[in-house]
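Worksheet for the structure shown next.
The values are calculated or read from the model by the stated rules, or taken from the named source; none is laboratory data. For clarity, every value in this text was computed on a predicted model and none was experimentally measured. Every residue, glycine as well, gets a Cβ built from its backbone with ideal geometry; the counts of neighbours run over all protein chains shown. Areas reflect the complete protein model, heavy atoms only, side chains present, ligands, DNA and RNA absent. Shrake-Rupley method; radii C 1.70, N 1.55, O 1.52, S 1.80 Å.
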Amino acid sequence: MTARSVVTAAVLLALAPGLGLAATMGQFATDADLVSGDRVSLFGGGHLLPPGLEPDRPAPYQFALAAPAADDLPALPPEPAYDGPVDLAYGAYQRGAYDEAYESALQRSGRGDPHAETLIGELVERNLIAEERAGPALEWYRMAAESGEAFALNRYGMALLSSDDEADKEKGGALVKQAAEAGDPLAAFNYGSLLIAENPGKEGLRLALPWFEASAEADIADAQYALSQIYPALDDLPEEKKALWKFWLRRAADGDHDTAQLDLALALINGRGMPRDLEQGVDWLRRAALNGNPAAMSRLAYLYSQGIGVREDKETAATFYLSVRRLGLVEPGMEELIDGLDAETRAAAERRSRALAQRY
């Protein structure tokens, strides 16, 4: 899983009990003949939304067909001329020329340019420029925040929130709110999460909702996943809005949010809120597992061990189980499978498990 901003989706689940999807062996569909609904292509995605609520963009796995080599493609329209300002520092950053980006931003920072200060902070934070050379990232964010730069306000505010000093925490929350109000989408998610932490129960969810919605519209996967959990939890929302939990869950999964991928997989496998589809559910479970989600690896190991939705494959089952066992999760049934493998199969599973660990 990628690093999350402040409060994980687990907090949302704790505040809205009953939203969690099936995650134990006994709750899996075990009969492929029970799959209902249209079986759709992996590349086209599933029928996850009610009519009229289709996504406004294709899923990243929906590929365009290439035109035959002999066909002449129409000429592209000419690009309009651009005579606006050019940011050489950010241009160098986008090209991967980090030294050039730093030197260019450093010159501008001397003139008090908050965007340049923010860029240097990000270069240091991402270990693209050594802290010994540029100084602490937090100091650059602080300087940029004093000029009101939204991204820096959020980063500096989040750092203060981790302080043991209550005054720093209060200031940090105010800075994150200021960044959210200035339109920073990550800050909007962070501020919504702070509202939930400060206002337990459904009241916190209601207060956070508009901030999560703004963040989700800007394609922040954490916020998209949060909406998929909040919409079903709030009884006073219009039904057409509550139905959008599927849309936002799919958007978050498309955005490589491994917990969303796991939830979508289990929703499809168990037929919760959408037609049961083992084939597509297993595909999303595999994606979550390859992203390092331990629960997905555990469930996928079980499916391969039993041949549910996939061809039975003890070696692959052992591969995923050994990966999650390294994290401390032990299941007696899977231990029996491991013990029953011949030496060659177990060695192959261990090699594949070590290779899998290098992915995340």
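Split the accessible area of region 224-349 by element, probe 1.4 Å, and carbon with sulfur accounts for 49%. By the rule of a C-alpha distance below 19 Å, with chain neighbours fewer than 8 residues away ignored, the aspartates and glutamates paired with Lys171 are Glu139, Glu146, Glu149, Glu181, Asp184, Glu198. Look at where the Cα atoms of region 170-237 and of region 256-325 average out, and the two centres are 29 Å apart. In straight-distance terms, cross-link reach from Lys169 covers every one of the lysines whose alpha-carbon lies under 29 Å from its own, apart from those fewer than eight places away in the same chain; here that gives Lys177, Lys202. Using every pair of separate Cα atoms, the Kirkwood estimate puts the hydrodynamic radius of region 111-241 at 15.6 angstrom. For Lys242, a cut-off of 15 angstrom between C-alpha atoms picks up these aspartates and glutamates, skipping any fewer than 8 places away in its own chain: Glu54, Glu213. When Ser147, Ser193 are compared by accessible area at a 1.4 angstrom probe, the order from most to least is Ser147, Ser193. Taking the Cβ-Cβ separation of Asp339 and Arg111 as r and a Förster radius of 56 Å, what is the calculated FRET efficiency to the nearest 0.05? With a Förster radius of 56 Å, E is 0.25. Using heavy atoms of the protein chains and a probe of 1.4 Å, the accessible area assigned to Asp256 is about 70 Å². Please state the shape class of region 149-200: rounded when a/c is under 1.5, otherwise prolate if a/b exceeds b/c and oblate if not, all from the C-alpha gyration tensor. Judged from the Cα gyration tensor, region 149-200 comes out oblate (a/c at least 1.5, b/c at or above a/b).
Inter-label distance, Val330 to Glu217: 5.1 nm, where each label sits 7 Å from its Cα along the C-beta direction.
Counting Lys +1, Arg +1, Asp -1, Glu -1, what net charge surrounds Trp140 among other residues with beta carbon under 13 Å of its beta carbon? So the environment of Trp140 carries a net charge of -3. Backbone N atoms of region 272-287 closer than 19 Å to the 7 Å Cα→Cβ label point of Leu237 belong to residues 272-275.
In terms of its C-alpha gyration tensor, region 170-226 comes out oblate, because a/c is 1.5 or above while a/b does not outweigh b/c.
Shape class of region 320-360 from the alpha-carbon gyration tensor: oblate, with a/c at 1.5 or above and b/c at least as large as a/b.
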